[in-house]
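What follows is a single structure, written as structure tokens, with notes after it.
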Amino acid sequence: MYEKTLRVCETFLSIQGESTFSGLPCFFIRLSNCNLRCRYCDTRYAYEEEGFCETIGSLVSMALETNLRLVEITGGEPLLQENSLNLIRELCDRDFTVLVETNGSMNIDPIDPRAVVILDIKTPGSGFSDYMDFENLTRLRAHDEVKFVITDRADYEWAKEILHRYKLIGDRILFSPAMGYIEPQKLSEWIIMDRLNVRLNLQLHRYIFGNRRGV
Ligand code: SF4
């Protein structure tokens with residue numbers, strides 16, 4: 001029988017470092033390949049290495065064996081592989097809380113509505129803001145989250161303008177300081193000064209494990 005497969009970069013257990021799920025233990029499935037090349041990318045190996053082929057069935061089994069309820073599908077860019085939609089659906093069918101981290105360039109509409117989309121909106125500092133599908137901001141479900149990685153003041157102002165234009169507010173809007181580009185304190189000060197109703201998003205896993213891969 002034909003079994004649907006995915007090209008996988010790595011699978012691992014770690015602490016969820018981002019989003020409103022930050023701090024929770026989580027099983028990560030990082031899929032291979034990406035259509036962008038962000039300046040600050042910390043997972044280049046997801047598109048530089050070939051990865052390995054895995055069936056959806058065995059990925060679901062791995063998730064079940066963890067005994068955790070939280071799974072993140074990430075990349076690279078997971079939506080480049082059509083079968084990622086089947087994996088998401090299979091995990092939702094088994095009552096996992098499924099987070100889908102996507103880079104903002106792909107249509108999020110086909111994602112199972114039970115999953116939580118963490119939608120990156122790439123700022124100009126990434127070098128890829130022109131690749132964003134801004135229609136995605138009209139496709140968000142109530143439980144989805146939007147993340148802006150901020151490299152400098154210009155990115156911050158740009159992100160504020162997007163919030164204003166698409167009427168995005170609330171604690172599911174994440175502003176994340178790009179590590180090595182801007183100090184968390186600086187971004188925090190801007191948010192406080194502006195009374196901006198967004199959530200500061202630190203990459204908790206990097207504070208715990210540094211740049212170690214697969215944690
Ligand atoms: S979208 Fe993500 S994986 Fe792709 S280049 Fe940008 S940061 Fe790296």
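No value in this document is a laboratory result; all are computed from the given coordinates. This structure is a prediction, so every number in the text was calculated from the model and none was measured. Reconstructed Cβ throughout: ideal geometry from the backbone, glycine too, with neighbour counts over all protein chains shown.
Rank the residues HIS205, HIS143, HIS164 as a footprinting-exposure proxy: fewest other Cβ atoms within 10 Å of their Cβ go first. Mind dumping the intermediate values first?
Details: HIS205 19, HIS143 13, HIS164 10.
Ranked by crowding around the Cβ, least crowded first: HIS164, HIS143, HIS205.
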Straight-line reach only, C-alpha to C-alpha below 29 angstrom: list the lysines that LYS160 could link to, leaving out same-chain residues fewer than 8 apart.
LYS122, LYS147, LYS186
Per-residue Cβ neighbour rank within 10 angstrom, fewest leading, THR102, THR97
THR97, THR102
If I take R0 = 30 Å and measure r between the Cβ atoms of TYR131 and ASN67 in this structure, what FRET efficiency does the formula 1/(1 + (r/R0)^6) give, to the nearest 0.05?
0.20
Starting from the amide H of LEU99, placed 1.01 Å from N in the peptide plane, find each other amide H under 5 Å away whose residue is 5 or more places distant or on another chain.
VAL71, GLU72, ILE73, VAL116
Go through 12-18, 70-76, 188-194 and give me the packing order, highest mean Cβ count within 10 Å leading.
70-76, 12-18, 188-194
Integer Hz, Karplus 6.51/-1.76/1.60 couplings in order for segment 106-111, x for Gly and Pro:
10, 5, 8, 3, x, 6
Reachable aspartates and glutamates, given that their alpha-carbon falls under 14 Å from the alpha-carbon of LYS4 and they are not under 8 places away in the same chain
GLU54, GLU82, GLU90
Label point distance in nm, TYR207-HIS164, each placed 7 Å from Cα along Cα→Cβ
3.1
Could you work out the helix-only [θ] at 222 nm for the chain, with each DSSP H run of four or more residues adding -39,500 (n - 2.57) and the total divided by the number of residues, to the nearest 500 deg cm²/dmol?
-7000 deg cm²/dmol
